[in-house]
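Just so it is clear, none of the values below were taken in a lab; they were calculated from the coordinates. The model shown is predicted, which means the values in this text are computed figures rather than measured ones. In this analysis, Cβ positions are derived from the backbone assuming ideal geometry, glycine residues included, and neighbour counts consider all displayed protein chains.
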Amino acid sequence: MEDEALGALRFRGVMSSSPSPLSSAPMGVSLTGRIGTTVVPGGVDGVGLVVPVGAEVRGPLEGALDASHDVFLSGLGCASPSDAYTVGGVDTRTLEAVVAARCGIQVPRWVPSGGRAWGTRIGVLDACGGHSTPYHVHQVLDGCWESGGEKGHSGMLALMEDGRGLYGRWEDAEEEPRLDVCGGHFGYVPSPPPAASEGAVVKVEGTGRLEWTYHYHVRSTPPFTAACFGPASGERPVRVSECRALYPEHCDDGDVVTLLVAYNATHNATHNATRGAASDENEKGPVGPYGPGVEVEYDPWCPCFDAAGSNVGGPNIVEWPIARPHAASSAGLTRARDGTVAWWALAAWAASWVFA
């Protein structure tokens, strides 16, 4: 991570390897390395930000912030960069919130550029969700890729290392998909990944659409793209416990930390209620006031976030609704720090009993 997110960018524009064969069992992903490669260009008109075909999509986590990042942190506005030093293995959105809290600044923040009110994003990531040299993407932020939604399923943005496609935000017209812990689900897709086998993706006669297949979607909460490669054995969605089992050296290894994070008022309220992250729209909304922030528990280097936005694990995991856990507990609903239960968590819990 360097300060290129604030200025000129360099890009890697060549696919360097072929994807792995499609699998029917969950697999772990690289937590900071390449997990996919873009297949369409992206960018922000008027501000000189272009993401080429072949850019790397990397895992959701970042290394530690230390003295090697002093110039970058000063560029963000930290008067004392050492105040923002933190452990590695934190997702990029939470990392920005840690910097905001420790430096007492607004991160991320958007400034006008190229005739756009939200042209330049000042933060760990740029306006497209990428940074550094060679340039790579951790998040896929709204406005950088044409991701569909008005007429149907979003188009494919990247080919993942397991040979499956990563698609944009929408499942259908303005409808977001129901995803598992990996960030994938079974559904129809508008175009097959180049490496998809005939057995995995079969065109439906006369419809112009494709047969049901497991694929990934971008989302605004960690892990943003993919926490693991699915599906689970038996062609079903992956459960949080199955994801955690893929990373025994990182999940449930006893190194949970407490992080002080700061968001704007709208985001802060959302985070308090669900322990999740706000949408890109909230990120660009009214910003003040920042601080004093909230404390959250966090398991470094564990990419498996549950439906309440927590990666800590334990007995109160809130399963993703699509995974329909075989054992649900009302205790899993009490995840908010103020003692409330989000309506969608209550509905998911009820559905798990009805349909499990």
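Between residue 212 and residue 27, what's the calculated FRET efficiency when r is the beta-carbon distance and R0 is 25 Å? Round to 0.05.
Taking R0 as 25 Å, the efficiency between residue 212 and residue 27 is 0.75.
Along the Cα→Cβ direction, 7 angstrom out, place labels at residue 64 and residue 85. What is the inter-label distance in nm?
It works out to 0.8 nm between the two label points.
Output wanted: per-residue J couplings in Hz (rounded whole) for segment 152-164, from phi through Karplus 6.51 cos²θ - 1.76 cosθ + 1.60, θ = phi - 60°, x for Gly and Pro.
Per residue, the Karplus-derived 3J(HN,Hα) values read x, 4, 4, x, 6, 9, 8, 9, 7, 5, 8, x, 9 Hz.
Under the 0.36 nm per residue contour assumption, what length would be gained going from the current alpha-carbon distance of residue 133 and residue 253 to full extension?
40.0 nm
What list of ³J(HN,Hα) values in whole Hz, one per residue of segment 222-236 in order, does the Karplus curve 6.51 cos²θ - 1.76 cosθ + 1.60 (θ = phi - 60°) give from phi, with Gly and Pro shown as x?
Whole-Hz 3J(HN,Hα) from phi for segment 222-236: x, x, 6, 10, 8, 8, 6, 9, x, x, 7, 4, x, 6, 9.
Amide H to amide H under 5 Å from residue 35: which residues, 5+ apart in sequence or cross-chain, H placed 1.01 Å off N in plane?
HN-HN under 5 Å from residue 35: 57, 58, 59.
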